[in-house]
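Have a look at the structure below, then the notes.
The values are calculated or read from the model by the stated rules, or taken from the named source; none is laboratory data. Bear in mind the structure is a predicted one, so any value in this text is a computation, not a measurement. All Cβ positions, glycine included, derive from the backbone under ideal geometry; neighbour counts span all protein chains shown. In case anyone asks, the SASA skips ligands and DNA or RNA and just uses the protein heavy atoms, side chains included. Shrake-Rupley method; radii C 1.70, N 1.55, O 1.52, S 1.80 Å.
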Amino acid sequence: MRGYASILIKVLVTLYLSGLCVSQDFDFFYFVQQWPGSYCDTSKSCCYPTSGKPAADFGIHGLWPNYNDGTYPSNCDPNSPFNPREISDLTSSMRKNWPTLACPSGSGVDFWTHEWEKHGTCSESNLDQHGYFQAGLNLKQQLNLLQALTSAGIQPNGQSYSLSSIKDAIKEATGYTPWIECNTDTSGNSQLYQVYLCVDTSGSNLIECPVFPKGRKCGSEIEFPSF
Ligand code: 5GP
Ligand code: 5GP
């Protein structure tokens, strides 16, 4: 009897531990960057952050854990609030590279709090708060989307470009296929709003996207507004 009990306990412990090891919290990240000109020229409008008008460059929206089936987890850990002290060495870079454009004007802390609590808490198994924001900053640095586009002759000047030329330019520069999200300006024109690229679960290596987001489609010709 004692023998059976101890075997049973061993089996249960092994099952539990293997469950812990294989259980994956998410499959990959979307790294999402937004074009400020397209955030600001919609009917909703925008507000510049308290530190002033951001540079005319793509800004980070977020680093979003996702599943291969297209669904995603959110708000995974209510016991892990955003703590600005943990990233105090990153805030000046975040003000430049991860600026908030929502109204009313803010420093960015509300935006970063939202991104951490909704998305970052779902990748805590791999990245703590500092690692999460650092990963976003490193990816942006590594990518330089604006340069990828301008060097292909695609400039933020209010002209229209074919969606395929935009995708090709980003693929050419980064080696990976992006997904483009459009929104519409006050005249109803479809325009380049956000660029999605996929990143492995470490948060540092680009990968081909296992799945692209659904909906939020662009026209075949889209505007690239100035900012
Ligand atoms: P929307 O519905 O405006 O496209 O997205 C609203 C928010 O839902 C996004 O800012 C983001 O927080 C979340 N979201 C939308 N699509 C995805 C997705 O495919 N993956 C993840 N992880 N979050 C998403
Ligand atoms: P999501 O859930 O879409 O990841 O995050 C969007 C939330 O962040 C919204 O509540 C939005 O008001 C806020 N937010 C603050 N600043 C920005 C910004 O610059 N861009 C976007 N897309 N959302 C922002």
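Which residue is farthest from the chain's Cα centre (by Cα), if the candidates are limited to the range 24-38 and must be closer than 15 Å to L146 by Cβ and near ligand 2 (Cβ under 9 Å from one of its atoms)? Residue satisfying both the conditions and the ranking: P36. A search for C-beta distances below 7 Å between a residue of the range 31-50 that is under 27 Å from Q142 (Cα atoms) and polar (S, T, N, Q) and any residue that is within 10 Å of ligand 2 (Cβ to nearest atom) and open to solvent by less than 10 Å² (accessible area, probe 1.4 Å), counting only pairs 6+ apart in sequence or on different chains, returns Q33/G59; Q33/I60; Q33/Q194; Q34/G59; Q34/Q194. Take the conditions at pLDDT below 95, open to solvent by less than 70 Å² (accessible area, probe 1.4 Å) and within 30 Å of I207 (Cβ to Cβ) and apply them to S18. Does it pass? Taking the combined requirement at face value, the residue satisfies it. Residue check: I154 meets all listed conditions (1) among the β-branched types (V, I, T); (2) within 16 Å of ligand 1 (Cβ to nearest atom); (3) in contact with a strand residue (DSSP E or B) (Cβ under 6 Å, 6 or more places away or on another chain) but one, namely (2).
Within the range 191-200, work out how many residues are in contact with a Leu (Cβ under 9 Å, 6 or more places away or on another chain) and either surrounded by fewer than 17 Cβ atoms within 10 Å (Cβ to Cβ) or among the hydroxyl-bearing types (S, T, Y) (or both). Before you say what the answer is, go through the steps one by one.
Looking only at the range 191-200, we keep the residues that are in contact with a Leu (Cβ under 9 Å, 6 or more places away or on another chain), and these are 192, 195, 197-200.
Those still in the list that are either surrounded by fewer than 17 Cβ atoms within 10 Å (Cβ to Cβ) or among the hydroxyl-bearing types (S, T, Y) (or both) too: 200.
Selection size over the range 191-200: 1.
Let me confirm something: among S125, S93, which residue is more than 17 Å from the chain's Cα centre (by Cα) and away from ligand 1 (no atom under 14 Å from the Cβ)? Step through it out loud before you land on a result.
Working: S93 fails: more than 17 Å from the chain's Cα centre (by Cα).
From the options S125, S93, the qualifying one is S125.
Apart from one condition, T184 fits all of (1) within 25 Å of F29 (Cα to Cα); (2) open to solvent by 20 Å² or more (accessible area, probe 1.4 Å); the exception is (1).
One residue stands out among those in the range 110-131 that are part of a helix (DSSP H, G or I) and hydrophobic (A, V, I, L, M, F, W, C): the one that is surrounded by the most Cβ atoms within 10 Å (Cβ to Cβ), which is W112.
Could you please let me know if G203 is in contact (Cβ under 8 Å) with a residue 24 or more places away in the chain, within 16 Å of ligand 1 (Cβ to nearest atom) and closer than 19 Å to N97 by Cβ? Spell out the reasoning first.
Working: in contact (Cβ under 8 Å) with a residue 24 or more places away in the chain: yes; within 16 Å of ligand 1 (Cβ to nearest atom): yes; closer than 19 Å to N97 by Cβ: yes.
Considered against the rule, which asks whether it is in contact (Cβ under 8 Å) with a residue 24 or more places away in the chain, within 16 Å of ligand 1 (Cβ to nearest atom) and closer than 19 Å to N97 by Cβ, G203 comes out as yes.
Conditions tested, residue by residue: (1) more than 25 Å from T113 (Cα to Cα); (2) among the basic types (K, R); (3) open to solvent by 40 Å² or more (accessible area, probe 1.4 Å).
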{"site": "F133", "(1), (2), (3)": "no, no, no"}
{"site": "A148", "(1), (2), (3)": "yes, no, no"}
{"site": "D168", "(1), (2), (3)": "yes, no, yes"}
{"site": "Y176", "(1), (2), (3)": "yes, no, yes"}
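Residues that are at pLDDT 95 or above and farther than 23 Å from P73 by Cα: does the range 193-208 have at least one? The answer is yes; a qualifying residue exists.
What number of residues in the range 36-73 are closer than 17 Å to G203 by Cα and open to solvent by less than 50 Å² (accessible area, probe 1.4 Å)? Give the derivation first.
The first filter runs over the range 36-73 and keeps only residues closer than 17 Å to G203 by Cα, leaving 60-68, 72-73.
Those left that are additionally open to solvent by less than 50 Å² (accessible area, probe 1.4 Å): 60-66, 73.
Here the count works out to 8.
Counting the residues of the range 110-134 that are within 14 Å of ligand 2 (Cβ to nearest atom) and among the charged types (D, E, K, R) gives 4. Entry remark, the range 88-105: residues being farther than 24 Å from N66 by Cα and either more than 12 Å from ligand 2 (Cβ to nearest atom) or crowded, with 17+ Cβ neighbours inside 10 Å (or both) number 9 in total.
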